[in-house]
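Reading through the structure tokens given below for one structure.
The values are calculated or read from the model by the stated rules, or taken from the named source; none is laboratory data. Fair warning: this is a prediction, and the values are worked out from it, not measured in the lab. Every residue, glycine as well, gets a Cβ built from its backbone with ideal geometry; the counts of neighbours run over all protein chains shown. In case anyone asks, the SASA skips ligands and DNA or RNA and just uses the protein heavy atoms, side chains included. Shrake-Rupley method; radii C 1.70, N 1.55, O 1.52, S 1.80 Å.
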Amino acid sequence: MDKPIKIGIIICDRYRTCAGGKCLRSFHKREGAFDRYKEVEIELVGFATCNGCPGGNIEYAPAEMKKNGAEVIHLATGMVVGYPPCPRIRYFSQFIKEKYKIDVVVGTHPIPTSYYQTHTNLGTWDSATWKELLAPTLADEKTRDSYN
């Protein structure tokens with residue numbers, strides 16, 4: 001049996017009291033951005049917040065996760081569906097890749113329908129950049145509904 005891919009998750013500090021229910025559910029069910037691991041074993045080795053704007057924990061949390069064997073860090077879906085979405089998410093991704101040489105995936109659980117509808121109506125995600133960032137978490141409508 002192959003050894004599991006070790007994963008860390010960083011969430012937006014606005015959700016610091018979040019119990020991680022949607023992220024962990026999608027982790028175990030291999031939905032949303034965790035769909036990419038359908039054929040392999042995965043292990044969660046870290047879960048932290050960014051520490052609030054401007055994201056001071058982005059400098060330190062990946063180091064701890066890497067010590068625990070993290071090979072991939074997921075920036076939680078809350079960073080893209082919050083009001084407003086995290087304006088630093090692209091920078092966080094680039095910084096972690098450069099400093100720690102760890103792959104970064106934007107997203108964890110599928111985007112819930114309620115957030116999808118609101119941001120669509122607001123035009124929040126109309127740019128090509130956002131379409132690229134959202135791709136891992138844009139599940140089908142039935143799956144989005146199940147994460148409401």
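A few notes on this one:
- Shape of region 1-53 from the C-alpha gyration tensor: prolate (a/c of 1.5 or more and a/b above b/c, with a ≥ b ≥ c the square roots of its eigenvalues).
- Mean Cα-pair separation over length for the chain, i.e. relative contact order, pairs under 8 Å, 6 or more apart, %: 28
- Residue-normalised accessible area of region 100-146, expressed per residue, 1.4 Å probe, Å²: 52
- Distance from the alpha carbon centroid of region 12-48 to that of region 60-124 works out to 11 angstrom.
- Here's the list of lysines a cross-link from residue 142 could span, going by alpha-carbon distance under 26 Å and ignoring same-chain residues fewer than 8 apart: 22, 29, 38, 131.
- Candidate aspartates and glutamates - alpha carbon under 12 Å from residue 97, same-chain residues fewer than 8 apart omitted: 59, 71
- The alpha carbon gyration tensor of region 73-148 gives principal lengths a ≥ b ≥ c with a/c of 1.5 or higher and a/b greater than b/c, which makes the shape prolate.
- Label separation (residue 36 vs residue 126): 2.9 nm, computed from points 7 Å beyond Cα along the C-beta direction.
- Toward the positive end of the charge dipole of region 73-141, with +1 on the Cβ of Lys and Arg and -1 on the Cβ of Asp and Glu, the farthest Cα among 120, 133, 92 is that of 92.
- Mean ellipticity per residue at 222 nm, deg cm²/dmol - from DSSP H runs of n ≥ 4 across the chain, formula -39500 (n - 2.57): -10000 deg cm²/dmol
- Using heavy atoms of the protein chains and a probe of 1.4 Å, the accessible area assigned to residue 137 is about 0 Å².
- Rolling a 1.4 Å probe over the protein heavy atoms of the chain, with every protein chain left in place, gives an accessible area that is 51 percent carbon and sulfur.
- Rg/Rh ratio calculated on Cα atoms of the chain (Kirkwood radius): 0.94
- Exposed-site-free run, longest, the chain (rule: GluC sites (Glu not before Pro); DSSP loop; at most 15 other C-beta within 10 Å): 42-148
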